[in-house]
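Every number in this text was worked out from the coordinates using simple rules, so none of it is lab data. Given the structure is predicted, the values throughout are model-derived calculations rather than measurements. Every residue, glycine as well, gets a Cβ built from its backbone with ideal geometry; the counts of neighbours run over all protein chains shown.
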Amino acid sequence: MKHILVINGGQNFGHSGGAYNNTITSVTEDFFTNHPDYTVEVTHVDKGFERNAEVAKFNRADIIIYHTPIWWFQLPFGLKKYIDEVFTAGHRNGIYNSDGRHADTPQIGYGTGGTMHGKHYMVTTTWNAPSTAFTLPGEFFNETSVDNGVLFGFHRMNAFVGLSKIDGFHFHDMMKNPDMELEMSRYRQHLENVFANNTVNA
């Protein structure tokens, strides 16, 4: 039995009501709730959180699943605040011990002080940008993928604390041309492919 922590980083701000990520979170929760090999708990960042309670959730979890919109090519400020506070509270408390370097060899070993080795994470993102903005020559992101571009630092953050990456899922064109039924179907299939056969070695 593996334990899943789902973190909903959507929030109500400006013209965003957080509805897309609420839907994605519900689909994720339903999938794991109805799967006999998993237990699941959910944090909705926009509803508030207590940092030490969240550290305990990270310590319980085998797999962390982040759901987040991308605002101005970054994480929304509510999710960034959550990460800053929870990961800091997790220093020498199950998330990481140090940056991994030793005083006698300070030039090497950076990023090896995490304490979440053997655990995994996955991330989904929601975008106004179409997928072609990342893939076509001459388009905005210069043929750089979400994971190698905007999320590069996010992935290194998780590696810093010892988490291993599971292939995520990116929802594109969610403002001008949304097709939630199709996208949720594709996302459910992604969850089936990754988790239904219990293939994640966590």
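The table for this structure:
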| read-out | value |
| --- | --- |
| Hydrodynamic radius (Kirkwood) for the range 87-202, which is based on Cα pairs only, to one decimal in Å | 16.6 |
| Tensor-based shape of the range 1-110 (alpha-carbon gyration tensor, a/c under 1.5 rounded, otherwise prolate or oblate) | oblate |
| C-alpha long axis of helix 77-89 to longest principal axis of the chain, angle in ° | 20 |
| Mean ellipticity per residue at 222 nm, deg cm²/dmol - from DSSP H runs of n ≥ 4 across the chain, formula -39500 (n - 2.57) | -9500 deg cm²/dmol |
| P(r) of the range 14-70 over all Cα-Cα pairs, binned every 5 Å from zero, in whole percent | 4, 15, 25, 25, 20, 9, 3, 1 |
| Percent antiparallel among DSSP beta bridges (both partners in the chain, rounded to 5) | 15 |
| Low-density loop positions, chymotrypsin sites (Phe, Trp or Tyr not before Pro), the range 15-122 - DSSP coil, at most 13 other Cβ in 10 Å | Trp72, Phe73, Tyr110 |
| Distance (nanometres) between label positions extended 7 Å along Cα→Cβ at Ala56 and Asn22 | 2.7 |
| Cross-link pairs beyond the 27 Å C-alpha cut-off, checked among Lys57/Lys81; Lys2/Lys165; Lys81/Lys176 | Lys81/Lys176 |
| Listed peptides 4-11, 151-158 by packing density, highest first (mean Cβ within 10 Å) | 4-11, 151-158 |
| Kirkwood-based shape ratio for the chain, expressed as Rg/Rh from alpha carbons | 0.97 |
| Choice from Ile63, Ile108, Ile24 showing the highest fluctuation, given a GNM over the chain with Cα pairs closer than 10 Å | Ile108 |
| Within the range 1-119, percent of DSSP bridges classed antiparallel, to nearest 5 | 25 |
| Thr135-Phe73 FRET efficiency (beta carbon distance; Förster radius 22 Å; 0.05 resolution) | 0.85 |
| Long-range HN-HN contacts of Gly18 with modeled amide H, under 5 Å | Gln11, Phe13 |
| Folded to 0 to 90 degrees: helix 180-191 orientation relative to the chain principal axis, Cα | 40 |
